[in-house]
Every structure is written in C-alpha cells, then in structure tokens.
1. What are the residues in segment 66-84 that are closer than 18 Å to residue 181 by Cβ and polar (S, T, N, Q), if any?
2. Any idea which of 183, 160, 136, 130 is open to solvent by less than 40 Å² (accessible area, probe 1.4 Å), without any contact (Cβ under 8 Å) to a residue 12 or more places away in the chain and part of a helix (DSSP H, G or I)?
Amino acid sequence: MSNPKNSNNFNFLSELPETLFLKLFEEATACSLQRGEALFRAGDPGDGCYRIQTGLVKIAVASQQGEERIISLLGPGAIVGELSIIDGEPRSASVLAVSDCSLSFVSRAKFEKFTEAHPELTSYLVRTLALRLRKATDALAATTFLTVKGRLARALLNLAEYAGEENNGRIELRHKISQGDLAAMAGVARENVSRTMSDWRKRDIVTRSSDYYCILDPTALAREMEVSS
C-alpha cells in the first residue's frame with residue numbers, strides 16, 4: 001500500500017513526472033538512519049531534502065511543554081524536507097526514524113540549479129501547495145469534529161497507506177508503532193488509545209501485539225469515523 005502519490009501525504013517533489021524526479025535524484029548522496037534517530041530537528045537549517053528508499057519516518061512538532069504531535073508518517077518513495085529547499089527557511093518540524101531507514105539526499109544548491117533548468121516545476125509547486133492546504137483543512141476538521149475513536153480510526157487508516165500490507169482482507173502494519181506514537185498522531189491521550197483498542201479488539205476490528213497492529217476489518221474501522229462525525 002506504500003504509494004506516496006495515492007496517500008494522504010502530499011510532497012511537491014513526489015508529484016513530479018517520473019523522468020524529472022529520477023533526474024533530480026541522480027547522483028544523490030546516500031545516507032541511513034537507525035530506529036529512533038533524528039534526521040533533523042525543527043529549527044535546523046534547511047540545507048536539502050531527502051527521498052526515503054526504505055523504512056518509515058515520523059514528522060513531528062512539539063509544544064513548549066514538550067508534548068509531541070505527529071503530523072504524518074512517511075515511507076518508501078516519499079520526500080521529506082522539501083519545504084525548506086523551496087523557501088530557504090529553517091526546518092518547520094522534526095523527522096525521526098520509526099524503523100531503520102535508507103535515504104537519498106539532494107542539496108538546496110542542486111535543487112536551485114535544477115529548477116532553473118526546468119521552469120515547469122512552478123506548476124507542480126502551485127498544485128502541491130493547494131493540496132497541502134486542503135489536507136491541513138481536513139486535519140483541522142478531524143481534530144475539531146471527530147471523537148476520540150474517529151481520530152484514532154483516521155490515524156490508523158492513514159498509517160496503513162505506508163506501513164500496511166493487505167492479507168486476506170485484513171491490513172497488517174509491518175512497523176512497530178507505540179501507543180504513544182499513535183496517540184500523538186491522533187491528538188488524543190494515551191489512555192484513550194488503550195481504551196479504544198480494547199473495544200475494537202472485542203469487536204474484531206483491530207488487534208495489537210507487541211506494538212504491531214492489524215486492522216481486521218478496514219470497512220468497520222472506516223465507519224468509526226462516519227459514526228463519530
């Protein structure tokens with residue numbers, strides 16, 4: 001299920017035609033992350049962007065009190081850090097590895113030379129910024145109107161886009177996701193995750209074992225959002 005173009009996470013560079021996309025990342029610098037390691041932190045200089053080859057990362061922001069909120073999780077094929085190479089501003093969020101990752105790095109200088117040679121990139125930038133705005137509106141609506149169950153259902157289904165593998169009608173999440181991370185994705189308290197998972201387990205909707213989740217009934221899970229809204 002890991003197709004960044006079909007997921008809820010819109011990357012400007014991921015929307016490029018494949019020929020341009022591959023050309024941009026020709027001779028990119030290879031790098032790797034271990035699980036739990038930070039790729040960069042909010043406020044760091046925006047010196048380039050990364051394409052995820054393997055693994056899963058989380059995009060997170062933190063309050064002054066240290067409370068974390070996960071904006072999204074991204075997997076193979078997705079780009080992280082592209083906003084900073086467009087506007088030149090410091091990183092707006094932190095990126096941390098949920099699992100071991102391999103990535104390709106393109107510097108801001110190379111990106112600027114590439115856009116000079118390919119001015120058609122402007123149209124892709126406008127379209128993707130519009131998609132980002134729409135996604136932000138949807139996320140705000142979810143936070144405002146969905147109940148705890150609805151938010152958790154939305155978070156799990158979004159997560160399944162990158163970490164999910166379909167198997168006989170169920171979706172198995174192939175990366176360890178802690179209850180704390182799931183709570184941070186949904187914007188709810190951790191104890192609410194435990195309570196909701198207990199209910200879904202009794203109803204054969206979602207199971208969890210050693211931080212691995214399995215969506216037994218994706219249709220029923222999607223209905224949890226409809227009921228709560």
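The values are calculated or read from the model by the stated rules, or taken from the named source; none is laboratory data. In this text, all values refer to a predicted model and were calculated from it rather than measured experimentally. Glycine gets a Cβ as well: all are built from the backbone with ideal geometry, and neighbour counts include every protein chain shown. Calculation scope for accessible area: heavy atoms of the full protein, side chains included, ligands and nucleic acids excluded. Shrake-Rupley method; radii C 1.70, N 1.55, O 1.52, S 1.80 Å.
1. Taking segment 66-84 and keeping what is closer than 18 Å to residue 181 by Cβ, we get 66-75, 78, 80.
Within segment 66-84, 72 is the sole residue that qualifies.
2. Criteria check complete, one pass: 183.
A quick yes/no check of all residues on (1) more than 22 Å from residue 95 (Cβ to Cβ); (2) within 22 Å of the chain's Cα centre (by Cα); (3) surrounded by fewer than 19 Cβ atoms within 10 Å (Cβ to Cβ); (4) of a type in the set (Lys, Arg):
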site	(1), (2), (3), (4)
197	yes, yes, no, no
212	yes, yes, yes, no
218	yes, yes, no, no
226	yes, no, yes, no
